[in-house]
Amino acid sequence: MSSPELEALFFAQHPEKHVDPNYNVAPSGEVYGVIATATSAVRKVEVLRWGLQPSWNQRDATSPKFINARIETVDTKPAFAEAFAHRRCIIPADGFYEWQGAGRKSKRRPMYIYRSDRSPIFMAGVWNRSSRNDRPSFAILTTEANTFMSKIHGRMPAVLQAAACDEWLSVENSDARQLKVIAMSGSKDSLDAHYVDAKVGNTRRSGPDLISPVPAGTLWDE
């Protein structure tokens, strides 16, 4: 989604920088996210870098970054607990990729997953701002796959219903159990998927052709 679309949808402040559309976001890539501001009723569209740098590990720029956080343990793991309590975000997307099939990489097939009605997917995330360079980074929360996604992969992003986004961002919410329910409020919504070209595995490719379906017979054919 574009920044103007997000600003209108969330009544959010404009971001301080711009990012171009990218159909193949990889770790360390930048995307638009929605966060709460110090005055919790106000939202802001922020450019976030994919790969959370925890608050307790700010000095080493080469330290590992976390692209995902399991929702089952996000409130207890030191890398995520503070951000989960105080800095939650929404990562909007038209869809996401997953590779179907285990074993050898040559046997796996990339798929593009999206809402059946083609409405945006609002992924639940946590974010942090680096004390070294003021650069904000994020990780996406993941949960056990729903019935549809289990045919593709064992995990999936925690997806918010549009009506739950305000509750997720509210700095007044502190109940971890309730927050986890909110974060997964849209994870059982109807999804569709189709096979795409394996060139999505090349992070230098980022055009809209990447989400175009490729013939592969029936969706779940072996």
**Of residues in segment 16-50 being among the small types (G, A, S), in contact with a Phe, Trp or Tyr (Cβ under 7 Å, 6 or more places away or on another chain) and surrounded by fewer than 18 Cβ atoms within 10 Å (Cβ to Cβ), the one farthest from G207 (Cα to Cα)** = S28
**Prompt:** Mind checking whether some residue in segment 106-117 is of a type in the set (G, A, S), over 29 Å from V42 (Cα atoms), crowded, with 16+ Cβ neighbours inside 10 Å and free of Cβ contacts under 8 Å to residues at least 60 places away in the same chain?
**Reply:** no
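Among D166, D134, which is over 20 Å from G95 (Cβ atoms) and assigned to a helix (DSSP H, G or I)?
On the way: D134 fails: assigned to a helix (DSSP H, G or I).
Testing whether each residue is over 20 Å from G95 (Cβ atoms) and assigned to a helix (DSSP H, G or I) leaves just D166.
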**Request:** Name every residue in segment 75-85 that is over 19 Å from P27 (Cα atoms), among the aliphatic types (A, V, I, L, M) and crowded, with 18+ Cβ neighbours inside 10 Å, in order of residue number.
**Result:** A81
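Quick grid of which residues meet (1) surrounded by 17 or more Cβ atoms within 10 Å (Cβ to Cβ); (2) in contact with a Phe, Trp or Tyr (Cβ under 9 Å, 6 or more places away or on another chain):
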residue: K151; (1), (2): no, yes
residue: A158; (1), (2): yes, no
residue: A162; (1), (2): no, yes
residue: A176; (1), (2): no, yes
residue: S187; (1), (2): yes, no
residue: V196; (1), (2): yes, yes
residue: N202; (1), (2): no, no
residue: P208; (1), (2): no, yes
residue: P213; (1), (2): no, yes
**Asked** Which condition breaks for D117 when tested against (1) more than 24 Å from T73 (Cα to Cα); (2) part of a strand (DSSP E or B)?
**Response** (2)
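Each reported figure results from applying straightforward, stated rules to the coordinates on display, with no laboratory input. What you are looking at is a predicted structure, and each value in this text was computed from that prediction instead of being measured. For neighbour counting, all protein chains shown are included, and Cβ atoms are generated from backbone atoms with ideal geometry for every residue, glycine included.
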